[in-house]
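Below is one structure, written out as C-alpha cells; the observations come after it.
The numbers here are math on the coordinates, done by the rules we state, and not lab data. The structure presented is a predicted model; accordingly, all values stated were derived computationally and were not measured. Quick reminder, even Gly has a Cβ in these numbers, built from the backbone with ideal geometry, and neighbours come from all protein chains shown.
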Amino acid sequence: MQKCFRSCKQRTNYAKWKYARIKQPGTILCLSFVVDGGKTCYDLSPKCIKGMMILDSDGKRILSKYYDDAFNNTKEQKAFEKKLFSKTYKANAEIVMLDGFVCVYKSNVDLYFGVIGGCNENELILQSVLSCFYESVCQILKKNVDKKNLFSNLDMIMLAMDEICESGIILEVDSNNVMSRIAQRGDDLTFAEQTVAQVGLQVIQSAKEQLKWSLLK
C-alpha cells in the first residue's frame, strides 16, 4: 500500500502523522521511505527492524538480536557490529548509513546501544525504538547503566527486547508499557514456580504417608 505526495508540505505533514501513530502504545504500523519512479513514497510495511544490539566500550557484543537473514551467520553479524562501532564511537551524530542499513545508536558510560533498519527506513521510527530500548534498560538497571550491572540483569533486558520487537515487527515504543508487561510475565513465572513447588511438596508428603502406613502393616 503506497501513497505518493507531490509537495514537501504534504510529505512533512504525513511524516508527523506517521510519527504520532508509532508513538501510540502497542502500534505495529511501520512506514518506510521508498523510491517509485523518482517520487518519494511511503510504503506500509510491518517489518522494519533488522536488529537490536548492546556493545561494550570496545565494540564487542554483549547482547544482540537480528530479525531476518541480512547476515548469514554470527561471524558476519559481529563483523558488522565492529564496523558500526568503529565508524560511530567518536561521531557526534546519532544516525549513520552503513552497508545498506540505517543505524541509530546511543552510548552511555561503557555501553553502546544500537537499532538497525533497512536502507529505506525512517529514522524517526528507529529512534523511537532505540529510545524505548534504552529507557527500558535504564528502568531495569535503576538508572545505574553500566556493563557490570547490565550483566547481572541480562534476562530482564532480553525480555524487554522481546516486548519491544518480535520478528522485526514493532510491538511497543513506550518503556513504561514494556516494564508493565515484564512485571506481568514475572508474576506468571513466580506463580508457576510456586505451583511446581507446591506439587513437589504434595508428592513428598504423599510418599511419606505411604511409607508410614507400609511400616505399620
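Tabulated results
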{"read-out": "Note, ³J(HN,Hα) from phi for the range 147-152, Karplus 6.51, -1.76, 1.60, rounded to Hz, x at Gly and Pro", "value": "4, 4, 5, 5, 4, 7"}
{"read-out": "Loop-located trypsin sites (Lys or Arg not before Pro) in the range 46-118, at most 16 other Cβ atoms within 10 Å (DSSP)", "value": "K60, K90"}
